[in-house]
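Please read the structure below before turning to the comments.
Taken together, the values in this text are just the output of simple stated rules run on the coordinates, not laboratory data. Not measured: the values here are computed from a predicted model. With ideal geometry, Cβ positions are generated from the backbone for all residues, glycine too; neighbour counts draw on all protein chains shown.
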Amino acid sequence: MTPDKGSILITGASSGIGRTCALMLDRAGYQVFAGVRTLQALEELSSLAPGRIRPVMLDITDAILIRSACQTIDLRLEGKGLTALINNAGITLPGSVEFLSLEGFRRELEVNVIGHLAVTQAFLPWIRKGKGRIINVGSALGKFVMPLTGAYAASKFALEALTDSLRRELLPSGIYVSLVAPGSVESAIWDKIDAEVAQMEAGLTEEANARYGRTGESISNLWKKAHRRAIPPEAVAEVVLKILESSRPESRYPVGPDAHFLSIVGRFAPDSLVDWVVDKIVTLSRGR
């Protein structure tokens, strides 16, 4: 039977923020449908909370799997609606805009934007039935861009716009839509970033290396510092729980000191000042 607190679908629950949210919301009394992409992730998550969390095979870029997830979850809901949809899945692609792989950029947008839209459209009937909420997990880089983060930031800027539009469209229906914008969060994504940066650097042409090699070194050093200061994923999960249990959730929630700082800078500082500061930060970070 569905618990009194209702049922939630969260995507990208294999690791990091998604898995932590799934476990915390389960402990808080929600029935959690946890979207994962592999059988291994499904088995691991099932073992962490046997019989309570319900892992669902869900690749948000695969229309067939989305339809299958709808059918599976509908059967489990037994005629009821969803309390919330949490769009969390995401990937990152570092690199200069000038030499960015168009195929890689399309993939970034497919996962970080279009996939979230596809899942939202598919599950809105159950959100309406449950008078539920939608929470999109964005990033501090959805308001502030550093060099070599253009693809990722563009996808997060787009998610910000979709979230704003969806919130205003659904408000008359009593459906709240919020965006969570974390800064640096401790998760396996840092290992992926390190590998992707190494792959990016290895693939640079001589011309690209001459133009962006030192900038890449600086950004890599900044990422390492950010990793050391990263907040635990539980901090993000606690904000998600706060949104679910608030009578009138806010539209946007920066999470972490760096996210709050970048949110303020992005809103109020003139571009010329931000450009100058970023240039100085990149220059000073070389060789550190």
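Pulled fully out, how much extra length does the chain show between Arg128 and Glu207, if you take 0.36 nm times their separation in residues and subtract their Cα-Cα distance?
Length gained, Arg128 through Glu207: 23.1 nm.
Compute the length gained on full extension between Glu250 and Trp276: take 0.36 nm times their separation in residues and subtract their Cα-Cα distance, giving the result in nm to one decimal.
Difference between extended and current length: 6.1 nm.
Along the stretch 119-125, what does the Karplus equation 6.51 cos²θ - 1.76 cosθ + 1.60 (θ = phi - 60°) give for ³J(HN,Hα), rounded to whole Hz, x for Gly and Pro?
5, 4, 4, 5, 9, 4, x
Under a plain spin-label model, where a point goes 7 Å from the Cα along Cα-to-Cβ, how far apart in nm are Lys225 and Asp164?
3.0 nm
Can you list the HN-Hα couplings for the stretch 89-95, worked out from phi with the Karplus curve (6.51, -1.76, 1.60; θ = phi - 60°), rounded to whole Hz and with x for Gly and Pro?
4, x, 9, 9, 10, x, x
Using a 10 Å cut-off around each Cβ, can you sort Arg248, Arg67, Arg76 from fewest to most neighbouring Cβ atoms?
Arg248, Arg67, Arg76
Mind sorting His260, His116 by how few other Cβ atoms lie within 10 Å of their own Cβ, fewest first?
Arranged by neighbour count, lowest to highest, His260, His116 become His260, His116.
Note down the net charge around Ala34, summing +1 for each Lys or Arg and -1 for each Asp or Glu among other residues with Cβ under 14 Å from its Cβ.
+2
Explain nothing, just compute: Karplus ³J(HN,Hα) = 6.51 cos²θ - 1.76 cosθ + 1.60, θ = phi - 60°, for every residue of the stretch 105-114 in order, whole Hz, x for Gly and Pro.
Per-residue couplings from phi come out as 5, 4, 5, 4, 5, 4, 7, 7, 10, 5 Hz.
Within a Cβ distance under 9 Å of Thr61, other residues only, what is the Lys/Arg minus Asp/Glu net charge?
Result for the local shell: -2.
Neighbouring Cβ atoms within 10 Å as the yardstick, rank Glu103, Glu250 fewest first.
Least to most surrounded, the residues fall as Glu103, Glu250.
How many lysine pairs are close in the stretch 1-147, with Cα atoms under 29 Å apart and the two 8 or more places apart or on different chains?
Lysine pairs, 8 or more places apart or on different chains, close enough: 5.
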